[in-house]
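Have a look at the structure below before the remarks.
The values are calculated or read from the model by the stated rules, or taken from the named source; none is laboratory data. No experiment lies behind these values; they were computed from the predicted model shown. Methodologically, a virtual Cβ is constructed for each residue, glycine included, from the backbone with ideal geometry; neighbour enumeration extends over all protein chains shown. The accessibility values were calculated without ligands, DNA or RNA, using every heavy atom of the protein model including side chains. Shrake-Rupley method; radii C 1.70, N 1.55, O 1.52, S 1.80 Å.
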Amino acid sequence: MTYAVPLLSVMSVLLCLIPEITSVPAWAIFLVNIPLTIRIVGMNHELFHEPPSKLGGNRLLRLNLHVYTPLTIGFDEYRELHLRHHAYDNSDRDPDFRMIRDGKHNALWRLALAPEYWFLYCMKHGILSRDFWLLYIGRMLVLAGYVALVGVENYLLLFLLPTKLAFALSFLVFSYESHTDATGKPRSIWNLKPRLTLLNRAIYWSIGPYAYNIAYHHATHHAYPWVSGVKLSEVRGPDFPLAHGFPERSVLF
C-alpha cells in the first residue's frame, strides 16, 4: 500500500488527460475523481496507524503526490495531525475540532478546505518534519508538473474541484457526523447506521473498504486504532471488550 497511494495519486491527475485524447466526456473524469480521492484518503489513513518502521522510509509516500494547492503538507505532518486527533478528540487540542464545532453548514465548506487548513495549522504549531521544506519544494515541483501536463483548466475542473467535493462529503461523515451529537455539538464518537442501505452499498463499492469502515465504524476505530480498516466491522469477542457497547447514530446513507 505504501506504493499504491503514490501511484493512485498520480493516476488521479493523469485521468484529466483522457478527455483530450479520447471520446470520454470530461464530466465522467470529474465523477471518477471524487471516489478515487476518498479511496486515497482512506488508504493514507490506514498507513497513519502503521509504525514508521513498516513504511520503509518511502520518500514518494512522505512527499505526498496527491498535491492539491501550494498549501499541501506531507505524509509525516498528516500522520502527526491524525494521531493528535486520536489523543485529543473533540477538544481544542484536536486539529479537526475547529472545522466541525459550528454546525453542519459551516463544517461543509471548512472540510472542503481541510488540506489548506491543516497546512496553516502545522505552520502555526510547528508540526513539521525535519526535512519538511525539502519535501515541500519537491511537492511544488510536482504540482507545477501536473498543471503543465494537463493544463490549468483541466487541473482546476477535473482534479482540484472533485477533490474539494470529496473532502467536503467524506469528512462530513468521517469528522462531523461521527463526532457530533444530535444538536451538532462535538461531544461524542459514534458508529453510523445508514437508513438508505442500497445507496450505502454503492458508496462502499465506490470508495473502498478502508475509507468506508473508518467512516461508519468510527467509534470502533477510536477504541481500537490498531485494527485495520477492512476488519473494523468484524471487531467482536473477548479480545475487544468494548465491542458491543459502541454508541450508534442513524444517518441517511
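Observations on the model:
- Length gained on full extension, His125 to Leu83, computed as 0.36 nm times the residue gap minus the Cα-Cα distance: 13.6 nm.
- Shown here is the pair-distance distribution of region 12-55: with all Cα-Cα distances grouped in 10 Å bins from zero up to the longest one, the shares run 25, 35, 23, 14, 3 percent.
- Rounded FRET efficiency, nearest 0.05, which uses the C-beta distance separating Ser228 from Leu108 and R0 of 22 Å: 0.15
- With all protein chains modelled, accessible area of Asp239 [1.4 Å, Å²]: 130
- At most 15 other Cβ within 10 Å, DSSP loop - chymotrypsin sites (Phe, Trp or Tyr not before Pro), region 1-54: Tyr3
- Straight-distance candidates among the aspartates and glutamates for linking to Lys124, with alpha-carbon spacing under 20 Å and chain neighbours fewer than 8 residues away dropped: Asp76, Glu77, Glu80, Asp89, Asp92, Asp94, Asp96, Glu116.
- Solvent exposure of Met99, expressed as accessible area, is near 0 Å², computed with a probe of 1.4 Å over the protein chains only.
- The percentage of C-alpha pairs in region 169-253 whose separation is greater than 23 Å is 17%.
- Residue-span extension gain [Arg236 to Trp133] - 0.36 nm each, minus C-alpha spacing: 32.7 nm
- In this structure, the pairs whose alpha-carbon distance is over 19 Å, taken from Lys104/Lys231; Lys164/Lys231; Lys104/Lys185, are Lys104/Lys231; Lys164/Lys231.
- Label-to-label distance, nm, for residues given as Leu199 and Leu60 (7 Å Cα→Cβ offset): 3.7
- Mean ellipticity per residue at 222 nm, deg cm²/dmol - from DSSP H runs of n ≥ 4 across the chain, formula -39500 (n - 2.57): -16000 deg cm²/dmol
- For region 11-99, the relative contact order is 15 percent, taking Cα pairs closer than 8 Å that sit 6 or more residues apart in sequence and dividing their mean separation by the residue count.
- Note on region 207-253 and region 22-95: Cα centroid distance 20 Å, given to the nearest whole angstrom.
- Between 0 and 90°, nearest 10: helix 197-207 axis offset from the chain longest Cα axis: 40
- Relative frequency of Cα-Cα separations exceeding 19 Å in region 1-121, percent: 55
- Volume per residue of the convex hull around the Cα atoms, evaluated for region 143-205, comes out as 132 Å³.
- Extension gain for the segment Lys185 to Ile21, taken as residue separation times 0.36 nm less the Cα-Cα distance, is 54.2 nm to one decimal.
- Look at the alpha carbon pairs under 8 Å that are at least 6 residues apart: their mean separation over the length of the chain gives a relative contact order of 23 percent.
- Rg to Rh quotient for region 88-237, alpha carbon positions, Kirkwood Rh: 1.01
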